[in-house]
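Take a look at the structure set out below.
The values are calculated or read from the model by the stated rules, or taken from the named source; none is laboratory data. Worth saying up front: this structure is predicted, and the values here are computed from it rather than measured. Heads up, the Cβs are rebuilt from the backbone with ideal geometry, glycines too, and the neighbour counts pull from every protein chain shown. Note: accessible area is taken over every heavy atom of the protein model, side chains too, but ligands, DNA and RNA are not part of it. Shrake-Rupley method; radii C 1.70, N 1.55, O 1.52, S 1.80 Å.
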Amino acid sequence: MKKAMNQSLLTLIFNGISILALVFMVYSLISYSKVSRQLHESNEERFDLTYNANRFMNGSAYLTDEVRAFCATGNQEHYDNYWNEINNLKNRDKGVAAMQEIGITEEEQGMIDDMSALSNELVPLEEEAMKEVTGGNLQEALDYVYGREYSTSIGEIRSLKEKFLDTLDKRTAQQVDAMMHKSDTIKLTIFLVLALVGIIQLCNMCVVRFQVLRPVIAVRDQMTEISQGNLSAQFNLQSNTSEIGMLVESIHETKRELKKYISDIDSKLAQMAKGNMDLVIGSEYRGEFMPIQGAMSQILDALNSALSQINLAAERVAEESDQMSNGAQILSSGAVEQASAVQQLTASIHDISQQVTYTSSDADNAKQFSSEAAEQLQVCDKKMDALTEAMENISKSSHEIGGIIKTIQDISSQTNILALNASVEAARAGEAGKGFAVVADEVQSLANKSAASAQNITELIESSMKLVEYGTTLSSDTTQALSKVVVSAQKSIEMVERIAESAKQQVQSLGQITQGMEQISEVVQTNAATAEQTAASAIELQNQAEELKVSVHRFHLRRS
């Protein structure tokens, strides 16, 4: 198996380095806080030193200025200010004390001592100058404070002041710069540690993603395939000595074991399906698969036992079915012959019954047709009576129409006379009656046409009246003939009814005979069918017994 570092160890290393880096970063933050505080203190010391140095120097300069002002003006205020500074304010002494308390170098202390010595050398000159001012000798006093000795000392003091301030400023600036450099170094270190932690965590994420998550997802998918019974699904992960590698090796081993069990079970079941029951289940099953091995062994034992018993039963069934088949065939032959004879007798009676039934049916039909014919003749008789009555009514109407035609002819004659009178009157009227003359001509023409039409109608009506009289005579003769036919039809119906009644009685008698023969035939047919079915069943039973023997012999059983 390929060796590989454990994912947990690799993750532990990355996390350990990250924790150490974070601890170092915490230490750096504490150091940075301390350095920041020291930087702040250094700035405050620098400010305080500069302030007190200026206080010391300004105190000396203030004394010089006040004494010179007093000597120049003789103003008592300057004198009081001078002694107030020396006795009360004492800025020089306080400034020196404050600088010493803060901390100064020996070189700086030497400069302060030199300036103090020079200042002390000026005190006698200043006292002499103030005495001269008090005595009223202002010029002598000015000579003291503006003289060569005083001015030289003042120049030396100023030179020392500048040197002292420069030295003090450089020293404090160096301290501040050193603290700032240290602070920047610590900040850079913190940023580098943060970057290192970020890189380590990124590497840790990559390791977790590519060496843990991806294999776990692949394992999950593979286990899903296995849970669905798909043991041939592709699984490309290689096993190694890491935790994931061992898990992968477990999955490969599981698939191999499952395939081995499935292959063995498939092989045994395939041989069992082919009839080979002389099998032994191997002893390579482990764990939860042991019950499957026991179950298959029990199945083989049970099948061998059951098939052996079936084989013996099949032999016995075959012998008994052979005897049963012979007896059933003899019984079937006798029943078939008896059924054939009864069937022929039944067929003969059935034919006679059918002929009588046809005769009865024809008699019934003849009776029905005779009745219908009589009814139709009665209807025709009634219709002929109605036709005769209608012809008489038509004749009466024709006579009435003749009277109407006479009236039309009278109207036509009167209209013609009226038209002639109108023509005469129109002629008398001259030009004024021309239009009326045209109307009179049209009326006369219409009267002539009406007279001609009335004449034509009269001729047609006379011809119709002759035809109606002829039709009335024919309908009367037809009615008398139909009456005789109706009487004959009634007699025919009575004779057909007697024939039909006799045919029905014959049909009922033959029906009872036929029913009895059919019952006998059904019993015989049932017996024959039962005998044939029994014989067929016996043969089928014999065949099934043979097939059962063949099927059982197909199995290769264990030898008892």
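List of remarks:
- Every pair of residues 6+ apart whose Cβ atoms lie under 8 Å, when the first sits in the range 292-308 and is open to solvent by 40 Å² or more (accessible area, probe 1.4 Å) and modelled with pLDDT under 80 while the second is aliphatic (A, V, I, L, M) and in a helix (DSSP H, G or I): Ile292/Ile265; Leu303/Met272
Conditions tested, residue by residue: (1) part of a helix (DSSP H, G or I); (2) without any contact (Cβ under 8 Å) to a residue 12 or more places away in the chain; (3) under 19 Å from Asn58 (Cβ atoms).
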position	(1), (2), (3)
Glu108	yes, no, yes
Met111	yes, no, yes
Asp114	yes, no, yes
Leu118	yes, no, yes
Glu121	yes, no, no
Val133	yes, no, no
Glu140	yes, yes, no
Glu149	yes, no, no
Thr152	yes, yes, no
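- Taken together, the criteria place Leu22 among residues that are over 48 Å from the mean Cα position of the chain (by Cα) and farther than 30 Å from Ser119 by Cα.
- Filter result (without any contact (Cβ under 8 Å) to a residue 60 or more places away in the chain and either more than 60 Å from the chain's Cα centre (by Cα) or surrounded by 14 or more Cβ atoms within 10 Å (Cβ to Cβ) (or both)) within the range 176-191: Asp177, Ala178, His181, Asp184, Thr185
- Exclusive hit being touching a residue at least 12 places away in the same chain (Cβ under 8 Å), part of a helix (DSSP H, G or I) and open to solvent by 40 Å² or more (accessible area, probe 1.4 Å), set Ile217, Ile262, Ile244: Ile262
- One residue from Ala173, Ala195 being open to solvent by less than 90 Å² (accessible area, probe 1.4 Å), within 30 Å of Ser33 (Cα to Cα) and touching a helix residue (DSSP H, G or I) at 6+ places or on another chain (Cβ under 8 Å): Ala173
- Filter result for the condition that a residue is touching a helix residue (DSSP H, G or I) at 6+ places or on another chain (Cβ under 6 Å), touching a residue at least 60 places away in the same chain (Cβ under 8 Å) and of a type in the set (Lys, Arg), over Arg68, Arg92: Arg68
- Every residue from the range 25-57 that is of a type in the set (A, V, I, L, M, F, W, C) and buried (at least 16 other Cβ atoms within 10 Å of the Cβ): Met25, Val35, Leu39, Leu49, Ala53, Phe56, Met57
- Some residue of the range 6-23 being surrounded by 13 or more Cβ atoms within 10 Å (Cβ to Cβ) and among the aromatic types (Phe, Trp, Tyr): yes
- Residue match in the range 276-287 (condition: open to solvent by less than 40 Å² (accessible area, probe 1.4 Å), among the polar types (S, T, N, Q) and touching a strand residue (DSSP E or B) at 6+ places or on another chain (Cβ under 7 Å)): no
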